[in-house]
Structure formats: structure tokens, C-alpha cells
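These notes are about the structure you will find just below.
The values are calculated or read from the model by the stated rules, or taken from the named source; none is laboratory data. In this text the structure is predicted, and so the values were computed from the model without any measurement. Here Cβ is always computed from backbone atoms with ideal geometry, including for glycine, and neighbour counts include all displayed protein chains. These accessible areas exclude ligands, DNA and RNA; they are computed on the full protein's heavy atoms, side chains included. Shrake-Rupley method; radii C 1.70, N 1.55, O 1.52, S 1.80 Å.
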Amino acid sequence: MATFLYKLGRLAFRRRRITALLWVVLLVAVGAGASTASSPPDDEFALPGTEAQEALDVMADRFPEANAEGATARLVFKAPSGEKITAADNRAAVRDVIDDLQGGQAAAVSDPFVKQSGAISKDGGTALSTATYKVDMLNITDETREGIEKAAESGRDAGLQVEIGGDALLVEPDMGNGEIIGIAVAAIVLFLTFGSLVAAGLPLITALVGVMIGIGSITALGATLGLSATTGTLAMMIGLAVGIDYALFIASRYRAELAEGRDREDAVGRAVGTAGSAVVFAGLTVVIALAGLAVVNIPILTKMGLAAAGTVVIAVLAAITLVPAALGMVGKRIYGRKVRKANPETGVPSADQSGKPKAGERWANFVLRRPITVLVAAVVGLGAIAVPVAGMELGLPDEGNQPTDTTQRKAYDLVSDGFGAGSNGPLMLVLDTRGADDPQAAADQVGKDIAKLDGVAGVAPAQFNKAGDTATISAIPTSAPAAAETEEVVRSIRGEADAIEKSTGASLLVSGATAINIDFSKTMSDALVPYLALVVGLAFILLLAVFRSVLVPLKAALGFLLSVLAALGAVVAVFQWGWLAEVIGVEQTGPIMSLMPIFMVGVIFGLAMDYEVFLVTRMREAYVHGESAGQAVVSGFKLGARVVMAAAVIMISVFAGFIGASEPMIKMMGFGLAVAILFDALIVRMALVPAVLALLGDRAWWLPRWLDRILPNVDVEGEKLHQQLDSPAPAGNAAVASERRSPEHTGV
């Protein structure tokens with residue numbers, strides 16, 4: 001591997017203009033394809049194998065007249081204190097608002113004053129009207145949204161409190177300035193790391209090229225492969241992250257090779273052969289983690305994972321071809337003006353001969369002296385932060401998790417006060433009556449049986465389809481949609497299905513937004529262990545081949561699990577328990593988003609293994625070149641710690657930028673990913689890894705002979721490459737060696 005990449009890096013360096021041109025042509029071609037592609041499809045959320053999805057499929061088949069995909073606006077009217085909403089003036093104001101909502105994209109608007117509608121609260125102070133639309137929320141026009149808000153404002157002018165729930169007013173969530181902040185911080189960190197604007201800009205530019213090609217490809221293939229506009233969100237985040245990291249590591253290794261006295265072409269080759277090998281295998285771990293999302297069996301997650309994995313592949317290819325070409329183009333400017341001025345002939349500083357240890361070297365020596373103390377402190381600290389995971393409650397955010405000053409949250413609270421908390425998340429019961437002798441009698445009996453269950457506040461009359469063979473029944477829980485009691489209600493109703501079918505001949509399914517959320521959470525929980533086993537198992541095998549060791553990959557996996565658990569513990573403490581909630585900007589605590597555990601496992605595992613591969617391969621490289629196990633740890637930190645920490649700071653900044661988003665889900669994801677990288681890079685990779693390796697000594701690199709024979713020798717550390725390059729050249733190759741050292745190949 002190292003030898004092949006060495007040759008590839010030198011080829012890209014020599015043919016830098018052609019290489020860069022090929023990438024530009026690819027970028028233009030992808031851009032043209034994206035600009036002329038058909039509009040991407042809308043997101044199609046599905047939960048294969050769940051009862052909620054089965055009920056939705058029955059609805060789509062039996063109720064074609066129902067517009068299940070249409071957006072809704074739920075208007076809640078509250079009369080002034082001491083008045084009834086049914087008073088003449090208030091009734092007239094409500095109906096004026098309803099009239100204003102008619103037409104345009106609206107399909108129907110319910111009248112709360114119709115008898116037996118159940119849309120007037122028991123105290124008579126609150127009324128509820130629902131407007132349904134012909135299109136989904138993504139296709140609601142600004143004109144329609146403005147019309148809804150103006151209609152509500154007219155009701156407020158009449159003296160009513162009017163608040164709006166539903167999804168008709170929803171727009172793309174405010175993502176904050178995460179990407180802008182991340183790129184800005186990345187530029188600063190890269191400049192401080194390299195001391196050169198050109199060197200700092202190179203990883204950014206090459207990463208952006210790779211991301212643009214990846215996102216453009218997703219857009220171009222969107223209609224063909226069913227990739228929605230949101231599919232590229234994860235791809236952009238991960239592609240930018242790894243693209244910067246990979247270019248940073250290769251450029252840093254290139255400068256280190258120059259400082260050792262290599263000519264530029266040889267330095268590029270060695271950098272791509274060694275650091276580039278680490279990039280390839282680090283990229284493979286990320287691809288495994290992202291592609292493994294298919295195990296969850298949720299189509300939208302599978303597409304997001306595969307699209308992001310494809311973008312990572314592009315980032316790897318850019319790192320091992322475009323980066324060496326760019327290094328050839330910048331020439332001496334890879335160093336700052338001060339260095340070039342001090343070394344006018346070569347533009348390269350001499351290797352550090354001062355003997356003064358760097359910060360990474362000093363830290364490694366400290367850990368080697370006190371490995372047990374550092375190890376215990378790291379494990380105990382992360383373990384303590386992980387304790388809240390034991391009390392983690394999973395769910396999906398609803399309007400009750402919105403900031404208290406939003407109209408959606410106010411509508412949610414008014415409905416809870418006037419109709420009961422469960423009215424914010426009614427359950428939709430789908431009753432297939434084809435096996436019943438009397439469908440209407442069967443539906444009536446089901447309604448009575450369900451109404452008797454604990455936790456059910458009320459049941460609405462059944463509504464049959466045109467064929468009369470399927471009915472929907474709305475059941476209102478007594479508890480809020482995200483409450484654990486509501487989940488018990490769903491279980492209780494589903495538990496009655498067999499008895500109902502035996503007594504009436506009708507089959508019962510439970511769906512609706514609340515049941516879908518419950519099934520989604522269960523699907524994610526059930527998939528976590530298989531997903532974790534698949535991802536960690538495959539990556540363990542890959543790392544066996546990379547490090548030629550059993551204990552190093554095992555240590556890497558255990559350290560990753562510890563950092564993820566600690567990050568999830570921090571998320572629970574802030575977003576569920578409310579610790580430091582005001583500092584983070586969390587206005588409403590609640591269950592942890594069901595997607596968080598698997599999402600964090602996938603994303604953080606890939607990035608954590610990046611840092612593991614880059615840091616430990618330098619140790620492995622030093623070890624196979626003759627250094628002792630302890631000295632190899634010091635050498636690895638001396639050469640790689642600063643770059644790893646720079647990469648981690650960039651990633652933390654990117655993710656932390658999303659904490660400022662107004663959308664609670666985005667805020668939670670940004671916080672969780674930022675603290676996970678912080679724990680993994682700062683504590684696991686910088687403290688736990690050297691402490692464990694110090695305690696293991698030579699045993700850290702032990703590999704059974706039978707396994708050594710089976711595993712392919714990928715030579716990530718470049719042992720064979722260095723032997724070939726550093727051995728005396730045969731006479732027949734003297735001209736080649738001389739050519740490699742000639743000025744025209746130095747890029748000066």
C-alpha cells in the first residue's frame with residue numbers, strides 16, 4: 001500500500017497541472033449535471049416492519065381520498081378571561097379567521113362549532129380548528145404561510161388569543177452558523193499550525209473541492225436514486241470534516257519530510273505513502289460506520305449513510321491525488337515568509353536540532369512516568385460523566401419541546417390546558433373490518449373497549465372509507481405524546497388486538513404521529529447493538545491489518561465506547577435533566593432524540609478512528625524502525641499530537657457552531673458531537689492511549705503467528721517503502737535516483 005501510494009503521490013506531484021485540471025473538469029461536470037438534474041424527490045419517511053407503517057400502508061390503499069401527505073395548521077383560539085369562545089362576538093371572530101384560511105393551497109378547514117366535533121373545551125374557553133392543505137410542508141408557499149399568519153392576526157385584533165401549531169408554518173430549521181464558524185476556526189487553527197496562509201488554505205480548498213463534488217453528485221443523481229435534498233446534509237458535514245483532516249495530515253507529513261532534507265518530490269511521495277496510507281484506512285473506517293447505517297433498516301438513514309460514505313471516498317481520493325498536486329503548485333510557499341527569508345536557497349527550515357522537547361513529547365514522557373495514574377483518572381472521569389446514560393429516555397421532539405416564546409409551543413400549551421395533554425398527540429386506530437359480519441357494530445364495539453383502557457381519555461366515533469371495509473378511530477391519551485405513560489397506552493391498545501379480532505372479526509392497527517415516534521424509538525433501540533457489533537467488528541478486523549496487533553485495536557474500540565458513553569451522558573444531563581441548560585440555551589428539557597445514540601456511534605466512531613490511526617501509526621512506524629515501545633509512544637506524540645489536536649479543535653468548532661441553532665434537534669446533535677470529539681481526542685487519544693501502551697510495552701504490538709500469516713501486510717507505516725528508498729540504489733538505477741533529486745522535480 002505505502003509503495004503504491006508513494007508512486008501515486010510522486011505522479012500527482014510531477015503531473016500536478018494535469019491532476020488539478022482533471023479535478024476541475026470533474027467538478028464542472030458534476031456541477032453541470034446537478035444544475036440540469038430533475039428536482040430531487042421529497043423525503044419519504046418509512047419504518048419497514050413496524051405496526052405504525054403497516055397501518056399507514058393500509059390507509060394509503062383504502063383511503064386514497066385522504067391526503068395523508070398534506071400539511072396541517074392547527075389554530076387554537078382562546079377567549080379573553082371570563083368569556084366563552086362560543087359567545088357571539090368570539091364565534092364571529094373565529095369564523096372570520098376560518099374564512100380567511102379558505103382557498104389557495106387549503107384543502108379544508110374544520111369548523112369547531114359543529115355539533116359533536118369535540119373542538120370546544122369543556123370550560124368553553126378554547127376552540128380548535130384544523131386546516132389541511134393539498135401539499136406537504138416542503139411545498140407550502142410563502143404566500144400561504146403569510147396568509148395563515150395574517151388570518152391569526154385578525155383574530156388577535158378581535159380580542160382572541162390565536163396560536164398556530166402543525167407543520168404548515170415550518171420552514172427549513174435554523175442551522176445556526178455552524179459551517180461558517182467551523183471554516184473560520186479551521187482557517188485560524190491551520191494558520192497557527194502551519195504559520196503560512198498558503199499552507200492553511202490548501203486543506204480548506206482541497207476539502208471544499210471534494211465536498212462540492214460529493215454534494216453535486218448527490219444532487220445530480222437525486223431523481224435517479226431517490227436522494228432527497230436532506231440526504232446531503234450528513235454528507236456535507238462529514239465530507240468537510242474528513243476532507244480538512246486528511247489534507248492536514250498529508251501536508252503536515254510533507255513538511256516534516258522536507259525538514260528531514262528530502263527533495264520535494266520525494267517528500268510528497270513519502271508523505272502520501274505513509275500519511276496517505278493512514279488516510280486510506282481511516283477513510284475505510286468512516287465508510288464502514290456510515291454504510292453500516294443500513295442495518296437500522298430505515299430507508300432515509302440508509303440513503304444518508306451511503307451518500308455520506310461516497311463523499312468520504314471522494315475526500316480520500318482528493319487527499320492522495322489533489323493534495324500532492326497542490327503541494328507541487330505552492331512550492332516554497334508551503335512555509336511562511338519568515339521561514340523562506342531565513343532559508344532563501346531551499347525555502348525549508350532545517351530539522352529542529354535544539355533538543356528542546358515539544359509539548360506533545362513532554363506530555364508523552366509524563367504519561368510514561370505515571371501511566372496508572374493517568375489511566376485511572378481518564379477512565380474514572382469519563383465513567384462519571386457517563387453515569388446519566390442509565391436514566392436516558394429516548395423519544396422524538398414535538399411542539400412541546402419548542403421554545404416557550406414560539407406560537408407552536410403556545411398552541412401546544414393551550415391545547416393541553418383546554419383539552420388535555422393527550423390531545424396534542426391523538427392515536428389513529430386503523431380497523432380492517434373485511435372479516436367482520438357487521439362493520440359498524442364492530443367499530444362501535446372497538447371504540448367502547450378502547451375507551452375502557454387505563455390512560456385513554458376519550459375515543460371519537462369511527463370514520464369509514466367509501467368502500468365501507470376500513471375505519472379510522474381517534475383515541476386520545478390522558479398523557480402527553482412524549483410521556484412514558486402514552487407508550488404504555490399504545491402497548492395496551494395493541495395488546496387488545498387479538499381479542500378484538502376474535503370477538504369482532506376486525507383487525508386493529510395503531511398508528512398516528514405518536515405511535516410512529518414510539519415505533520421509531522424502538523426501532524433505533526433494537527438496532528443499536530447489531531449496528532455497534534457490525535461497525536466495531538469490521539473496523540477491528542481492519543485495524544488488525546493496519547497495526548499488526550490484537551491489543552491496539554481492542555484498546556481503540558474500548559476507548560471509543562467510553563468516549564461515546566460519556567458524550568451521551570453529557571447530552572442526558574443537559575437536555576433531559578436540565579444541567580447547564582441555560583448556558584447551552586436549552587429552553588425545554590425532554591427525552592433524548594431516538595436517533596442520537598446510533599448517529600453518534602456512526603459519526604464519532606469514524607472520526608475517532610481517524611485520530612487513532614494517524615496517532616498510533618506514527619508510534620507503530622517508530623517501533624518497527626527500531627525504537628523501544630516506550631520511545632515509540634514519545635515519537636508518535638512528538639510527530640503527531642499537535643496535528644491531531646489541531647484536527648480535533650477544527651471538528652469541535654464545526655459541531656459546536658450548531659449549538660446556536662434554534663431547532664432543538666440540531667442543537668442537541670451539535671452539542672453531542674462536539675463533546676464526543678472533545679472527550680475522544682483530549683482524554684481517550686491523548687491520555688488513555690499512551691497510558692495503556694506504556695503499561696503494555698512490547699506486548700501492545702503482539703500478534704499471533706498464525707494470524708500474522710493470514711492478515712494481508714498493508715504496510716501502513718511504510719516499513720518496506722523506507723527499506724527500498726533508503727537502501728543504496730543499484731548502478732542501473734543511479735540515473736533514476738539522480739533524476740528524482742534533480743531541481744526540476746523539486747517543485748522549487
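Rounded to the nearest 0.05, what FRET efficiency do D444 and M665 give with R0 = 45 Å and r taken as the Cβ-Cβ distance? Could you check?
E between D444 and M665, to the nearest 0.05, is 0.65.
In whole Å, how far is the Cα centre of segment 488-506 from that of segment 119-174?
Segment 488-506 and segment 119-174 have Cα centres separated by 35 Å.
Which whole-number percent is the relative contact order of segment 439-558 (Cα, under 8 Å, 6+ apart)?
In percent, rounded to a whole number, it is 16.
What accessible area, in Å² to the nearest ten, does a 1.4 Å probe give for R362?
Surface open to solvent at R362 totals about 120 Å².
How high is the relative contact order of the chain, in percent, with contacts defined as C-alpha pairs under 8 Å that are six or more residues apart?
19
Pop out the Kirkwood hydrodynamic radius of the chain from its pairwise C-alpha distances, inverse of mean 1/r, in Å to one decimal.
Answer for the chain: a Kirkwood hydrodynamic radius of 29.0 Å.
Take the alpha carbon atoms of segment 403-460, find their center, do the same for segment 582-661, and report the distance between the two centers in whole angstrom.
Between the Cα centre of segment 403-460 and that of segment 582-661, the gap is 47 Å.
Averaging sequence separations of C-alpha pairs under 8 Å and six or more residues apart, then dividing by the length of segment 590-718, give the relative contact order as a whole percent.
So the answer I get is 28 percent.
With point charges of +1 on the Cβ of Lys and Arg and -1 on the Cβ of Asp and Glu, referenced to the Cα centre of segment 509-636, which listed residue (A632, V601, Q576) lies farthest in the positive direction of the dipole?
Checked the options; the winner is A632.
Between N343 and L27, 0.36 nm times their residue separation minus their Cα-Cα distance comes to what?
Extending this stretch completely gives an extra 110.0 nm.
Ignoring ligands, DNA and RNA, what percent of the 1.4 Å accessible area of segment 53-176 is carbon and sulfur?
49
Work out the P(r) tail for segment 419-500: percent of alpha carbon pairs separated by more than 21 Å, whole number.
Counting pairs separated by more than 21 Å, the tail of P(r) holds 26 percent.
Quick one: if the Förster radius is 22 Å, what FRET efficiency do K466 and A60 give, using the C-beta to C-beta distance and rounding to 0.05?
0.90
Under Stokes-Einstein, with the Kirkwood radius over Cα pairs standing in for Rh, what whole-number D in µm²/s applies to segment 507-577 at 25 °C and 0.890 mPa s?
D, rounded to a whole number, is 163 µm²/s.
Short version: what are the Cα gyration tensor semi-axes of segment 540-662, square root of 5 times each eigenvalue, largest first, in whole Å?
Semi-axes from the Cα gyration tensor: 35, 16, 11 Å.
Determine the share of segment 518-666's accessible area contributed by carbon and sulfur atoms, expressed in whole percent, with a 1.4 angstrom probe.
Answer for segment 518-666 is 69 percent, counting heavy atoms of protein chains only.
Would you give the gap between the C-alpha center of segment 259-335 and the C-alpha center of segment 207-225, rounded to a whole Å?
17
At R0 = 25 Å, how high is the FRET efficiency between K150 and D417 if r is their beta carbon distance? Nearest 0.05 is fine.
Efficiency computed from Cβ-Cβ geometry: 0.45.
For segment 491-506, in order, what is each residue's ³J(HN,Hα) by Karplus, 6.51 cos²θ - 1.76 cosθ + 1.60 with θ = phi - 60°, in whole Hz (x at glycine and Pro)?
For segment 491-506, the Karplus-derived couplings read 4, 5, 5, 5, x, 8, 4, 5, 5, 5, 5, 5, 7, 10, x, 9 Hz, x marking Gly and Pro.
Report Rg(Cα)/(2.2 N^0.38 Å) for segment 214-318, keeping two decimals.
1.27
With every protein chain left in place, what is the accessible area per residue of segment 355-417 in square angstrom, probe 1.4 Å?
For segment 355-417, the solvent-accessible area averages 53 Å² per residue.
Could you order peptides 323-334, 427-438 by the average number of other Cβ atoms within 10 Å of their residues, highest first?
Top to bottom by mean Cβ count within 10 Å: 323-334, 427-438.
Report the full-extension gain for the segment V380 to W702: residue separation times 0.36 nm, less the Cα-Cα distance, to one decimal in nm.
113.2 nm
When the expected Rg is taken as 2.2 N^0.38 Å, what fraction or multiple of it is the alpha-carbon Rg of segment 289-351?
For segment 289-351, the normalised Cα radius of gyration is 1.93.
Treat every Asp and Glu Cβ in segment 475-620 as -1 and every Lys and Arg Cβ as +1, leave all other atoms uncharged, and give the resulting dipole magnitude about the Cα centre to the nearest 20 debye.
So the dipole magnitude of segment 475-620 works out to roughly 800 debye.
Relative to the longest principal axis of the C-alpha atoms of the chain, give the angle of the C-alpha long axis of helix 178-194, reported between 0 and 90° and rounded to the nearest 10°.
On a 0 to 90 degree scale, this one is about 10.
Cβ neighbours within 10 Å, averaged per peptide: list 263-273, 199-209 in order, most packed at the top.
263-273, 199-209
Show me the GluC sites (Glu not before Pro) within segment 359-441 that DSSP assigns to loop and that have at most 15 other Cβ atoms within 10 Å of their Cβ.
Of the GluC sites (Glu not before Pro), the ones in loops of segment 359-441 whose Cβ has at most 15 other Cβ atoms within 10 Å are E393.
Beyond 19 Å, what percent of the Cα pairs of segment 369-463 remain?
68
Which angle between 0 and 90 degrees, to the nearest 10, do you get for helix 264-291 versus the longest principal axis of the chain when only C-alpha atoms count?
Orientation of helix 264-291: about 30 degrees from the principal axis.
Just the accessible area per residue of segment 471-604, please: how many Å² with a 1.4 Å probe?
Ligands and nucleic acids excluded, the figure is 36 Å² per residue.
How much of the accessible area of segment 265-343, probe 1.4 Å, is carbon plus sulfur, in whole percent?
C and S atoms contribute 67 percent here.
Return the percentage of antiparallel bridges among DSSP beta bridges fully within the chain, rounded to the nearest 5 %.
Expressed as a percentage, antiparallel bridges in the chain total about 95.
Strictly over 23 Å apart at the Cα level, which of K341/K638; K410/K667; K452/K502; K84/K452; K115/K448 would you flag in this model?
Flagged as over cut-off: K341/K638; K84/K452.
Could you rank the peptides 589-599, 49-59, 560-570 by their average count of other C-beta atoms within 10 Å per residue, with the highest value first?
With the highest mean Cβ count within 10 Å placed first, the list reads 560-570, 589-599, 49-59.
Using only the Cα atoms, work out Rg/Rh for segment 55-126, with Rh taken as the Kirkwood radius, to two decimals.
In segment 55-126, Rg relative to Rh is 1.07.
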